[in-house]
Amino acid sequence: MLASMFGGSCGRGGVVDYSAVPDPKEDLSVAPDAGPQTLVLAGGCFWCVEGVFEQIPGVLDVVSGYAGDTEASARYELVSNGQTNHAEAVRITYDPSRITFGRLLKVFFSIAHDPTTLNRQGPDIGRQYRSAVFYADPEQKRLAEAYIRQLEEARVFDSPIVTTLEPLNGFYPAEDYHQDFVRNHPRHGYVMQQALPKVAKAKKVAEQLAPASRPAG
């Protein structure tokens with residue numbers, strides 16, 4: 001796949017097994033009638049991150065897009081060339097009665113990408129491929145900080161986590177041809193090499209992720 005035409009390399013997947021990553025000690029508490037919730041994450045090429053989260057029970061929708069800069073600059077030809085502060089990101093809409101904020105973070109850190117590579121996933125280099133949690137409110141920020149601290153204290157990774165926590169000032173869906181790319185093009189050479197190994201990992205742990213109990217609080 002040519003990076004000039006499509007999203008960059010996703011990397012080969014998390015550097016640890018899902019089972020080696022602890023569950024969050026704290027999780028987001030939501031009202032029983034709160035309805036669907038959203039979370040915006042960036043971890044390299046959005047094709048791969050989207051493909052992973054589409055396998056997770058309780059996830060209702062995943063949209064590839066851009067976060068970190070303005071709507072006017074949310075265009076692939078600008079983002080992919082490092083001409084903006086956007087990251088390739090995904091917006092995850094989920095049912096909090098089936099999967100929790102914290103468990104989604106666990107998938108993010110263990111399967112969706114390598115959180116220890118600075119501004120890079122695999123051979124792709126640039127801030128557009130950075131690892132980031134775009135928090136929508138102070139509670140999302142606090143819980144993400146707490147989980148990163150928990151992972152560091154548990155020494156889950158050999159290298160420090162470099163994931164940034166950034167305020168979500170806007171999410172802008174990517175061009176139509178980027179949406180559901182893994183699902184729509186499973187035999188694409190790039191998808192087979194880069195995305196499908198991560199998708200396979202997500203499928204293997206799907207049964208462990210549902211049903212997720214609602215966090216106490």
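Things worth noting here:
- Identity of the residue in region 16-52, among the hydroxyl-bearing types (S, T, Y) and over 13 Å from I99 (Cα atoms), that ends up modelled with the highest pLDDT: Y18
- Residue check for N169: more than 17 Å from F108 (Cβ to Cβ), surrounded by fewer than 20 Cβ atoms within 10 Å (Cβ to Cβ) and modelled with pLDDT of 95 or more: yes
- Taking every residue in region 185-198 that is under 9 Å from C48 (Cβ atoms) and pairing it with any residue that is open to solvent by less than 50 Å² (accessible area, probe 1.4 Å) and hydroxyl-bearing (S, T, Y), at least 6 positions away or on another chain, the pairs with Cβ-Cβ distances below 8 Å are Q194/S9.
- Helices (runs of 4 or more DSSP H) wholly inside region 58-176 that include at least 2 residues being farther than 28 Å from P32 by Cβ: 76-79, 138-153
- The single condition among (1) touching a helix residue (DSSP H, G or I) at 6+ places or on another chain (Cβ under 6 Å); (2) surrounded by fewer than 24 Cβ atoms within 10 Å (Cβ to Cβ); (3) not β-branched (V, I, T) that K106 does not satisfy is (1).
- Qualifying residue in region 127-144 (condition: surrounded by 15 or more Cβ atoms within 10 Å (Cβ to Cβ), closer than 13 Å to F46 by Cα, of a type in the set (A, V, I, L, M, F, W, C) and touching a residue at least 60 places away in the same chain (Cβ under 8 Å)): yes
The values are calculated or read from the model by the stated rules, or taken from the named source; none is laboratory data. None of the values given here were measured: they were computed from a predicted structure. All Cβ positions, even for glycine, are placed from backbone atoms using ideal geometry, and neighbour counts span all protein chains on display. Each accessible area value is taken on the protein alone, full model and side chains, heavy atoms only, with ligands, DNA and RNA left out. Shrake-Rupley method; radii C 1.70, N 1.55, O 1.52, S 1.80 Å.
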